[in-house]
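Worksheet: one structure, shown below.
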Amino acid sequence: MTRVAMERKVLTENDRIAAGLRAQFARHGILSVNLISSPGAGKTSLLERTLERFGAGERVAVLTGDIQTDNDARRLARWGFPVRQITTGGACHLDARMVEQALADWDLASLDLLLIENVGNLVCPSSYDLGEAAKVVVLSVAEGDDKPLKYPAIFFKSELLVLNKVDLLPYVNFDLALACEYARRVHPQIEIIETSCTTGAGLDKWLEWLKARRAMVVAPSIILSEAKDPRS
Amino acid sequence: MHELSIANAILDAVRQEAEKHPGARVTKVAVRVGELAGIDPEALDFGFTALVKGSDLEPLALEIEPLPRRHRCRQCGGTFAVSDARLACPECGSAESVMVSGDEMELAYMEVEET
């Protein structure tokens, strides 16, 4: 019996494609954001409210992933920005190859912002790099406030936590401060924005975050890129 | 339940590596899975077994080495395992620490037998 060292990541092929996408996004100055949440936390609603607030000249596009149906793409197409549905046909997450294929005939030079809505799932999407500049996790207050402790991987890997549906706080047993504390325990540097897609609360902060994050992509500074890595 | 596609990626890697060892049979592959990798070891083992059954690689064993989340204290420099997401250093109490391991999903080694 001989032992052969392998010493590489399991998802080497996905990571290779993701690295190619990341290089393309960087070359074109595109901020790409990978939105991840459990089903029903409000990813599509957040995107609707986001597109609604953008002017017609905004250079934004959306990829939206679902196991079945193009309902989300149809919901999002109303604002006239390029939207493409990725139907995974069973897979519980998007992978880098799906994103690469979906973007194949798009002119990336015409974009500043690419919003990728992952399949609704708090676990699996956390393992797949899509070449994004940042993962954003959306958690609604209709879920449990201990989700960050139960699903630490995605909270650890996300730069921003969007706490959505805060208009429902009076009706649900969700401790906002505790949820934030749990998220920071898993990822001390995580940023947190509270939003409601129904009342519009917090959406300005979300748009400001996107704007500031885009500025980092266009003029990356060493300090900022270091601050991004939770290990540094 | 993305463990099935992870298992598939492991088998692809095994086949690739096996090509470098003609005439040998792979008997085992070992992976390291950090607790923040978002992988359920039992589901991975289940998917792996299902994929191997009846394939060219049968029989092939999978060894999963779970890696706990470990941090290094910025104050005293000691390393410690993080449990229940508590990040304070157990030695000096400092809250300032950085992660040194825990999100790995890596192929460690495989065992081959000459035939």
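Counting only residues that are facing chain A (nearest Cβ under 8 Å), farther than 30 Å from A:Pro148 by Cβ and modelled with pLDDT of 95 or more, give me the strands (runs of 3 or more DSSP E) lying completely in the stretch B:7-115 with at least 1 of them.
Numbers: elements: B:24-34, B:61-67, B:70-73, B:79-81, B:97-101, B:105-114.
Fully inside the stretch B:7-115 and qualifying: B:24-34, B:105-114.
Based on what the data block shows, is A:Gly65 within 14 Å of chain B (Cβ to nearest Cβ), assigned to a strand (DSSP E or B) and either surrounded by fewer than 16 Cβ atoms within 10 Å (Cβ to Cβ) or within 16 Å of the chain's Cα centre (by Cα) (or both)? Walk me through it before giving the result.
Working: within 14 Å of chain B (Cβ to nearest Cβ): yes; assigned to a strand (DSSP E or B): yes; either surrounded by fewer than 16 Cβ atoms within 10 Å (Cβ to Cβ) or within 16 Å of the chain's Cα centre (by Cα) (or both): yes.
Yes; evaluated as a whole, the condition is true for this residue.
In the set (1) in contact with a Ser or Thr (Cβ under 6 Å, 6 or more places away or on another chain); (2) closer than 18 Å to A:Val4 by Cβ, B:Gly38 fails one condition alone, (2). The set of residues in the stretch A:182-232 that are exposed (fewer than 14 other Cβ atoms within 10 Å of the Cβ), closer than 30 Å to B:Val100 by Cα and modelled with pLDDT of 95 or more contains only A:Ala212. Considering the stretch A:1-41, the residues that are basic (Lys, Arg) and in a helix (DSSP H, G or I) include one that is farthest from A:Ala183 (Cα to Cα), namely A:Arg27. Check the stretch A:140-152 and report whether any residue there is modelled with pLDDT of 95 or more, in contact with a Ser or Thr (Cβ under 8 Å, 6 or more places away or on another chain), within 23 Å of B:Glu104 (Cβ to Cβ) and away from chain B (no Cβ under 14 Å). No, the conditions are met nowhere in the stretch A:140-152.
The values are calculated or read from the model by the stated rules, or taken from the named source; none is laboratory data. Computed from a predicted structure; not experimentally measured. Quick reminder, even Gly has a Cβ in these numbers, built from the backbone with ideal geometry, and neighbours come from all protein chains shown.
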